[in-house]
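First the structure, in the form of structure tokens, and then the observations on it.
The values are calculated or read from the model by the stated rules, or taken from the named source; none is laboratory data. Predicted model, so just to flag it, every value in this text is computed and none were measured. Every residue, glycine as well, gets a Cβ built from its backbone with ideal geometry; the counts of neighbours run over all protein chains shown. Heavy atoms of the whole protein, side chains included, go into the accessibility calculation; ligands, DNA and RNA do not. Shrake-Rupley method; radii C 1.70, N 1.55, O 1.52, S 1.80 Å.
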Amino acid sequence: MKVEMQLGSEKLSIETGKVAKQADGAVWVQYGGTVVLVTVVADDSEHDLDFFPLTVDYRERGYATGRIPTVYGRREPRPGTSEQLIARLIDHCIRPLFPKDFKAEVQILCNVFSSDGIHPADVPALIGTSAALSISDIPFNGPVAAVTVGKIENELIINPSYEELHASEMELFVSGKADAVMSVEGSGHEIPEDEVIDTIVTAHAQIKEIIKLQEGLAAVCSNAKRDYAAKDIESDLSSRVRNLATSRIRESIGMADKKLREDYLEQVQEEVLSEILEDTPEETDPNAAKDTISILSEIEKEEMREAILTQGKRVDGRGVTDIRPISGEVALLPHTHGSALFTRGQTQALCVTTLGTSGDEDVQRGLDGEARHSFFLHYNFPPFSTGEVKRMMGPGRREIGHGALAQKALEPVIPEKEDFHYTIRVVSEILESNASSSMASVCGATLALLDAGVPLKRAVAGIGVGLIKEGEQEAILTDMLGTEDFLGDMDFKVAGTSEGVTAIQMDIKIDGVSPELMRRAIHQAKEARLAVIDQMNAVIAEPRAELSPYAPRIHSLQIAQQKIKDLIGPRGKTVQGIQEETNTTINIEDDGTVEIAATSAEDVKRAEEKVLAITAMPEIGKEYTGKVVRTAPFGAFVEILPGKDGLVHISQMGDGYVRRAEDVMQVGDEVTVRILTIDEQDRVDLTLVAVGGVPVEELNIESNDEREFSTDREGSRDYRDTGRSGYRDNRGDSRDRRGNDTRERRNNRYDQRDNTRDFRNRRSPRIPKGRPR
């Protein structure tokens, strides 16, 4: 069975029944030349867990783009950053749509089998996930769908290509059901709040059409949904626990300190459990303890929501729009390039900025090829930040996702590489967490960047907004707590400047939210964001005028592309030698851009001089001072630049007649010359300006040999006239001979005796002393 529709600029097709028929649900989704196979499988048995065991994996195969993996073994490596972020997007959208009591383990695999390098695979993967679940026997309150919306020149684009995304002012990934939006994630260049919501509304209109396509497929191919056991707690136990605990749990509302409140509730739980188990031993009811804990959690949720909706009183005693106390500090770490400590209530982020060179850029490889990022942010969430003991491993999806969100929030205000030649890395260390640590990272990173002297366009702040909804009653919570996040209905994070939104992320735990509710929430977040920015400006409002003394000083210059090999040298010997000698780091781009970095400006200057000396190009009309490296019957070769010499023909050695170059200069002499011409083979013709600082017009260049054989001058003039036309061939031959004689030359680059010996038959014989002339 196959269904199709037009979506954006390409045709979307969903096919099932052809492949992976042993999975509970499998669909083959194609969008343009991008193909994704999505399979869903649920375990036959359910588990007695307090969470839903859902796993979503998204994998991009190397062959999808005609590429063999470059890692050892030539197999695909572990999922990269982009793959984990897309898997997280899918998870956030579908997780709330499984029945609360369904506890069978579910595994969803999205494999990208083909990519046209034009269309991203995230939207087809989510659509395929929903379609596969809808036709399977797995309980699922779908279908759902998603689109990405971009904006170029005030025009919204549905499912933009990679190229269009790079040029887009906005990128929003929106998912939802037919009647409501489920999740939103994306970024923009300081987009007004109302425009963000209007874009979401436009996206939802497209989502409805995709859902109709899935419903048509499910109407023909879907299986009957399997039964699952709903959890049932005895009413007598529930009544007894509520009588013992409700009033005591209600007293926890208003406790500002997270740890004190948790300790208090834990004590209540222990006392209630003790009384319940005395009356109902576990031998009689093995689920008594677990059911009691479940009832206590439900009471806590009910009391928290009731206090907010009826009294406007939150868990820590604040009102619904109040922000926790904020403090900030910069320059905490003396040897870093920039540092800041941002604290909001009991959420605290230590952010550190490091400046590097272009060689430090973050390289990401995806379906659209290789991308280099000169700004990136890493987020670390150690277990001590929540007072827990956990195994320390590499970054998980949560850490990668929070870091990516904070990075998106800051990217629009980071200066262009042409204006600030540094690679910028920010690390956010969460030292304490009670919700919205990603938004605290945005605030702390802004302070750390300013402390490092990075010229941000504007300060960026972030705030988390929550939702409590019971029937027609609604309450939007500004700067929510961890408990409000866990027991609430929505986590809506908004980051931006005073001018507009730069990043947004919304996850919900109910069946969806309306555009009107999102509009209210985003405007409430704006008011809080502006208040946070004011407090941040009180800490540091402008970037520091001077970089840290420990930050590298970077200077960029442009060299001719044909000089790149000269600067690198054989096996990098030349550039490595400069780096070691000057204590610098040098990066060379393919376009001839050379970046020199060092903590000392003097070291940078010394390295620059050496680079320029090696890569300088001869300029017509410019004078150079160099050494004579070889003479010939028709002139002399002068090294005007390292590794580059030119010919001074004897006709260019003065106004008078010059018979031999040796009458004017010797090998090793320092002379001043001017470039006359440079031919198509890059050969340089010179004219003599001075020898040893003496101008050429003041030189006495007449030799005894010339006087003895003055009668031969006519013939010599003929030789000179023809020499200009024939010397270029001789230059090529002589340069070959120079290469063969390299081993014999030790002290001088050229040996005068070897050069003159080849031409003895052309020199005039010397007259013995005393013989009549």
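Enter the angle in degrees (range 0 to 90, nearest 10) between the Cα long axis of helix 235-250 and the first principal axis of the Cα atoms of the chain, meaning the one along which they spread out most. Helix 235-250 sits roughly 60 degrees off the main axis of the chain. Candidates Met1, Ser183, Leu450 compared by Cα position along the dipole of the chain: farthest toward the positive end lies Leu450, with charges placed on Cβ. Tell me, what is the per residue accessible area of the range 326-539 in Å², probe radius 1.4 Å? The answer is 37 Å² per residue. Among Tyr31, Tyr228, the sequence by solvent-accessible area, most first, with a 1.4 Å probe is Tyr228, Tyr31.
Heavy-atom accessible surface of the range 111-172, averaged per residue, reaches 31 Å², computed with a 1.4 Å probe.
Placing +1 on the Cβ of every Lys and Arg and -1 on the Cβ of every Asp and Glu, with nothing else charged, gives the range 553-615 a dipole about its Cα centre of roughly 180 debye.
Any idea what diffusion coefficient the range 622-688 gets from Stokes-Einstein, in µm²/s, Kirkwood Rh on alpha carbon pairs, 10 °C, 1.306 mPa s? Don't skip to the end; give the middle numbers.
Numbers: Rh = 11.6 Å.
Translational diffusion coefficient: 136 µm²/s.
Under the simplified labelling scheme, the Met393-His335 pair shows an inter-label distance of 3.3 nm, with each label point 7 Å from Cα along Cα→Cβ. Between Lys2 and Asp198, the simple label model (points 7 Å from Cα in the Cβ direction) yields a spacing of 4.0 nm.
Output the direction-averaged projected area (hull surface divided by four) of the convex hull of the alpha-carbon atoms of the range 2-221, in nm². Display every interim value, and only then the final one.
Values: hull surface 53.2 nm².
Orientation-averaged projected area of the Cα hull: 13.3 nm².
When the label point is put 7 Å from the Cα of Asp232 along its Cα-to-beta-carbon vector, which residues of the range 123-141 have a backbone N closer than 19 Å? What the label zone holds, given the 19 Å backbone N cut-off, is no residue at all.
Protection proxy ranking, highest mean first, for peptides 302-309, 269-276: 302-309, 269-276, where packing is the per-residue count of other beta-carbon atoms within 10 Å, averaged. Taking a point 7 Å out from the Cα of Ala167 in the direction of its Cβ, none of the residues of the range 407-424 has a backbone N less than 15 Å from it.
For Arg458, neighbours were defined as the other residues whose beta-carbon sits under 10 Å from its Cβ, and their charges (Lys and Arg +1, Asp and Glu -1) total -1.
In the chain, the longest principal axis of the Cα atoms and the axis of helix 515-539 are about 50 degrees apart.
With 18 Å as the limit on Cα-Cα distance, the pairs of Lys313/Lys509; Lys103/Lys290; Lys469/Lys526; Lys11/Lys212; Lys103/Lys493; Lys18/Lys225 that go past it are Lys313/Lys509; Lys469/Lys526; Lys103/Lys493; Lys18/Lys225. Atom-type composition of the exposed protein surface of the chain places 46 percent of the accessible area on carbon and sulfur (1.4 angstrom probe). Full extension of the chain between Glu418 and Glu542 gives 42.6 nm of extra length, using 0.36 nm per residue less the Cα-Cα distance. Charging the Cβ of each Asp and Glu at -1 and of each Lys and Arg at +1, and nothing else, the dipole of the range 326-539 about its Cα centre rounds to 240 debye.
Size of the chain: Rg and Dmax of its alpha carbons, in Å, are 38.2, 143.
Out of all DSSP beta bridges in the chain, what portion is antiparallel? Express it as a percent rounded to 5. Provide the component values of the computation, followed by the final result.
Values: 131 of 146 bridges.
So the antiparallel bridges in the chain amount to around 90 percent.
What's the local net charge at Thr582, with K and R +1, D and E -1, over the other residues with C-beta under 10 Å away?
Working: positive: Lys605, Arg606, Lys610; negative: Glu580, Glu581, Glu602, Asp603, Glu608, Glu609.
For residues surrounding Thr582, the net value is -3.
Over all alpha-carbon pairs in the range 553-615, figure out the percentage whose distance exceeds 18 Å. Working shown, then result.
On the way: 439 of 1953 pairs.
Counting every Cα pair in the range 553-615, those more than 18 Å apart make up 22 percent.
When only the heavy atoms of the protein chains count and the probe is 1.4 Å, how do His47, His166, His119, His337 rank by accessible area, highest first?
Numbers: His47 65, His166 145, His119 5, His337 25 Å².
Largest accessible area first, the list is His166, His47, His337, His119.
Relative to the longest principal axis of the Cα atoms of the chain, the long axis of helix 193-221 makes an angle of roughly 70 degrees. Sorting 561-567, 89-95, 313-319 by average packing, meaning the other beta carbons within 10 Å per residue, from highest down gives 89-95, 313-319, 561-567.
Compute the whole-percent fraction of alpha carbon pairs in the range 37-122 spaced more than 22 Å apart. Beyond 22 Å sits 37 percent of the P(r) for the range 37-122. The residues packed around His204, meaning those with a beta-carbon under 12 Å from its beta-carbon, carry a net charge of -1 if Lys and Arg are +1 and Asp and Glu are -1. Computed with the Debye formula from one identical point scatterer per Cα of the range 326-539, without solvent, the log10 of I(q)/I(0) at q = 0.13 Å⁻¹ comes to -0.74.
Work out the length of the dipole vector of the chain about its Cα centre, built from +1 on the beta-carbon of each Lys and Arg and -1 on the beta-carbon of each Asp and Glu, and round it to the nearest 20 debye.
Working: 94 positive and 132 negative charges, 950 e Å.
I would put it at about 4560 debye.
Projecting the Cα atoms of Phe486, Pro383, His335 onto the charge dipole of the range 326-539, computed from C-beta unit charges around the Cα centre, puts His335 farthest toward the positive end.
Sorted by average packing, counted as other Cβ atoms within 10 angstrom per residue and highest first, what order do 641-649, 365-373 take? Write out the running numbers ahead of the final one.
Working: 641-649: 19.8, 365-373: 15.2.
Those peptides, ordered most packed to least, come out 641-649, 365-373.
Excluding same-chain neighbours fewer than eight residues apart, the lysines reachable from Lys417 by a Cα-Cα span under 26 Å are Lys151, Lys408, Lys457, Lys563, Lys565, Lys605, Lys610. Ranking Gly128, Val147, Pro160 by how far each Cα lies toward the positive end of the dipole of the range 120-209 (charges on Cβ) leaves Gly128 at the top. Average accessible surface for the range 622-688: 36 Å² per residue, computed with a 1.4 Å probe over protein heavy atoms with every protein chain in place. Calculated FRET efficiency, Ala531 to Phe486, Cβ-Cβ distance, R0 = 30 Å: about 0.75 to the nearest 0.05.
Zone of Glu370 (label point 7 Å along Cα→Cβ, backbone N under 19 Å): which residues in the range 54-80? Zone members listed by number: 61-78, 80.
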